[in-house]
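Some notes on the structure that comes next.
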Amino acid sequence: MSYRIALIPGDGIGKEVVPEGRRVLERAGELTGTRFSFEEFPWGSEYYLECGRMMPADALERLRPFEAIYLGAVGDPRVPDHVTLNGLLLPIRRAFDQYACVRPAVFYEGTRSPLAGKRPGQIDFVVVRENTEGEYAQVGGHVYEGGAQEVAVQTAVFTRHGTERVIRFAFELARKRGGKRQLTSVTKSNAQGYGMVFWDRVFKEVSRDYPDVATESLLVDAACMDLVRRPEAFDVMVGSNLFGDILTDLAAAVTGSLGLAPSANLNPARTAPSMFEPVHGSAPDIAGRGLANPLAQILSGRMMLEFLGQQQAAELVENAVRAVLREGRVLTRDLGGSASTGEVTDAVLACMA
C-alpha cells in the first residue's frame, strides 16, 4: 500500500520532532512493505509573520487529496495564541470534519508518575474530545470595544448532530477496547443549564443502545480531581471541546510527561484526511536545542498507521517505544534523562530492526 502524507512541522519544537517521526514512519514502512509519499508545507507562525496568515487561502484544497496530515505544533510568542489556533488548527479540523479527537493516556513501564503508589500499566485510558463545535465554535463578538462599557460574548454551540456522533464514537471505542467497557461523560451541567444539560440528556439517550458499556457522568471539576485521585479507574472519557482539552493535559501530567501524549483528530467517515499531532505545544523555551521529546510525535504516527489500517507497522512502533522507555537508558530531560531528540529516535529505530 502507498499513502500520501502531508507534513506540517509548524513552529518551535514541531520542526524538530516531525522529522524524527518521519524517520520512524519510513522505517516502519520499510519493514512492512508500506510506502509513504511525504510533502511538507511550511505553514505556521513564520508564514504568518511573512504573509499575514497562518496558511495560504488554498491550503485546505491542497491538503484534501492526502490520506493523512502529520502535524508538529503551532505557536510563537510573537503571534497571539488565538491567531495560531483559529488560523490553522481549527480550520483544518472543521473543514475535514475531524470531529473525534482521540487522546490516549498510558503510564508506561520505565517512566515515573508524580502520583504516589501508582504502577506502570495501572493507568491506561482514552479521552475522546468533541473537536468541531462546543466552546471552540468562535460564535460571539464585542460591543463598545475598547471602551469602559465593553461587552464580550462567547457562545458555546452544541448541536444534536455533533453531540450525538461524538458520544456514539466514544461508546464504540469503549466497546472495542474491551477490558472495563466503561464510558465516563464529563460535563458541567449544574452551572451550564442549557448546553451541558443537553449533553447529559443526549448521553443518556445514546447509552440505551450500548447496554454492555457501563456509564458514569462527572462534573468536570470532579473528573479532574478523580484523574489525580483514581486515574486507574477510567477507561474511556468523552467531553466537550474545552473539557477534553483540559482533561488531556492533566492526563499527560499524571502519566509522566506531555512528551508521551499523542493525539488523533479523526474523520471517522474517511471523507477527508485525518490529522495526527502530539498534545504538547511548540515549547519555544527549548526549541532549537535538541531537548524535545520526540515520542509523542512518534506515537501520533503510530495512531496514524493504525487508522490507515497498517496494524503491523503500528505495533512495531508501539513496541519499540515501549522498549526504549522500559530500558530507560536513552531518555530526554522531561523523563529524567539527558538524551537528545535525535538520540531517542535512534534508540526507537534500533528497537525496530
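Descriptive notes on the structure:
- Residues within the range 309-321 that are crowded, with 16+ Cβ neighbours inside 10 Å and in a helix (DSSP H, G or I), tallied: 7
- Per-region count, the range 48-64, residues part of a loop (DSSP other than H, G, I, E, B) and over 22 Å from the mean Cα position of the chain (by Cα): 5
- Taking the criterion of being of a type in the set (D, E, K, R), under 22 Å from residue 89 (Cα atoms) and out of contact with any Gly (no Cβ under 8 Å at 6 or more places or on another chain), the only residue of the range 133-155 that qualifies is 135.
- Residue check, residue 93 in the same structural domain as residue 319 (by TED's automatic domain parsing), of a type outside the set (Gly, Ala, Ser) and either at pLDDT 95 or above or in contact with a Lys or Arg (Cβ under 9 Å, 6 or more places away or on another chain) (or both): yes
- The set of residues in the range 12-58 that are surrounded by 20 or more Cβ atoms within 10 Å (Cβ to Cβ) and farther than 20 Å from residue 299 by Cβ comprises 43, 44, 45, 47, 48, 54, 55.
- If the condition is being among the charged types (D, E, K, R), surrounded by 18 or more Cβ atoms within 10 Å (Cβ to Cβ) and free of Cβ contacts under 8 Å to residues at least 40 places away in the same chain, then the range 64-98 contributes no residue at all.
- Just one residue in the set 168, 181, 119, 160 is more than 24 Å from residue 276 (Cα to Cα), without any contact (Cβ under 8 Å) to a residue 60 or more places away in the chain, of a type outside the set (Ser, Thr, Tyr) and touching a helix residue (DSSP H, G or I) at 6+ places or on another chain (Cβ under 6 Å); that residue is 181.
The values are calculated or read from the model by the stated rules, or taken from the named source; none is laboratory data. Bear in mind that the values here come from a model prediction, so they are computed numbers and not experimental data. Ideal geometry is used to build each Cβ from the backbone, glycine not excepted, and the neighbour counts take in all protein chains shown.
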